[in-house]
Amino acid sequence: MAKNDAPKPKKQRWYHLVAQAYRTTAPSDKYLLPGIIGIVVGVIALAVVIGLLSGSTVVLVYLIIFGVLTGALGAMYFLTRRFERTAYMRMEGQTGASLAIAQSIRTGWKFEDNPVNMDARGNAIVFQGVGRGGIVLLAEGGSAARKPATQAQKRLEKLVPGVPVSIIYVGRGEGEVALPHLTKAIRRTKKALGRNDRPKVEARLKAIGGAKPPMPKGIDPVRARPDRKGMRGR
C-alpha cells in the first residue's frame, strides 16, 4: 500500500528570513545599508581600540570576537526595527490594517475577523477583540468611525454587563493611535478579565451573535484587508 504522505513545507532558515527582510526594506529605506554597516564597523572598531589599550593579545582576540557578535546582533535589531517601520508605512490607510496588527498578539487577546459595525458608506469599520482588558473595539475611518464605534460599544455593554468595553480609534489624527503603537495601546488596557473569564465572554458573544453591519455595495470588509504576510515580507 503506497503511502500518501503530503510533502512537508520546507522550513525557512533564520538567515533566509533576514535576507527576505532586507530585500523587502532596502528599496524604500536608503538609510538601511549605511546603518547596518555603521553599526557593525563601529562596534568592532570600539572592541579593537579597547583591546589594544589593554595591551594583551588574548584580550584583544576575545574583544574582536565579542565585537563581531555584538555588531551582528545590533545590525539585526536595526534591520528588524526598520523592517517593521516599512511594513507599517505600507499598511497605513488600508482597511483592516488594525485588525492584522491586533491579531499578531499571540497571548491574552483574540480578535474576530468579521467587523461588528461599520458606517453605511463604508468609510469606517469597527473590529472587536476580547482579552485581559475586557472588550476592545478597533475603529478605523477617522471622524466617520465615531458613530458606529459608539453604537457597537453601547450594544456590547448591554449584552455583557460588567465587562468594560473600550474604543481605540486608529489613525494619525488627534485622539487616535497610530499603527506602530497599536499593540502597546491594546496591552495597556486595564486588566478586567481573568484567564478563565475570557472564554466565557467569548462564548457569550458567540451565542448571542452580532448585529450585521450595513454592507455597502462593492465592499467586503472581511476580504478588504492587507495581507498579513506583509509584516514578514514576501
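Only counting other Cβ atoms within 10 Å, I'd like V58, V165, V130 sorted with the fewest neighbours first. The partial results should precede the final answer.
Numbers: V58 9, V165 21, V130 25.
Arranged by neighbour count, lowest to highest, V58, V165, V130 become V58, V165, V130.
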| 17 Å cut-off, amide nitrogen to a point 7 angstrom out along A203 Cα→Cβ, residues in segment 132-171 | 160-161
| said: As an exercise, identify the trypsin sites (Lys or Arg not before Pro) in segment 51-125 lying in DSSP coil whose Cβ has no more than 16 other Cβ atoms within 10 Å. | reply: R106, R121
| note | Here the percent of antiparallel bridges among DSSP beta bridges lying wholly in segment 113-190, to the nearest 5, is 55
| Which ordering of Y15, Y169, Y62, Y88 is given by a fewest-first count of other beta-carbon atoms within 10 Å? | Y15, Y62, Y88, Y169
| field | A120-T150 FRET efficiency (beta carbon distance; Förster radius 25 Å; 0.05 resolution) | value | 0.95
| field | Karplus-derived HN-Hα couplings along segment 95-111 (A = 6.51, B = -1.76, C = 1.60, θ = phi - 60°), whole Hz, x at Gly and Pro | value | 5, x, 4, 5, 5, 4, 6, 5, 6, 7, 6, 6, 10, x, 9, 9, 10
| field | Approximate spin-label separation V61-R81, in nm, with each point projected 7 Å along Cα-to-Cβ | value | 3.4
| message | Suppose every Lys and Arg Cβ carries +1 and every Asp and Glu Cβ carries -1, with no other charges. What dipole size does segment 14-91 come out with about its Cα centre, to the nearest 20 debye? | response | 280
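Read-outs: derived from the displayed coordinates by stated rules, not from any lab. Every value quoted in this text rests on a predicted model; they were computed, and no experiment measured them. Methodologically, a virtual Cβ is constructed for each residue, glycine included, from the backbone with ideal geometry; neighbour enumeration extends over all protein chains shown.
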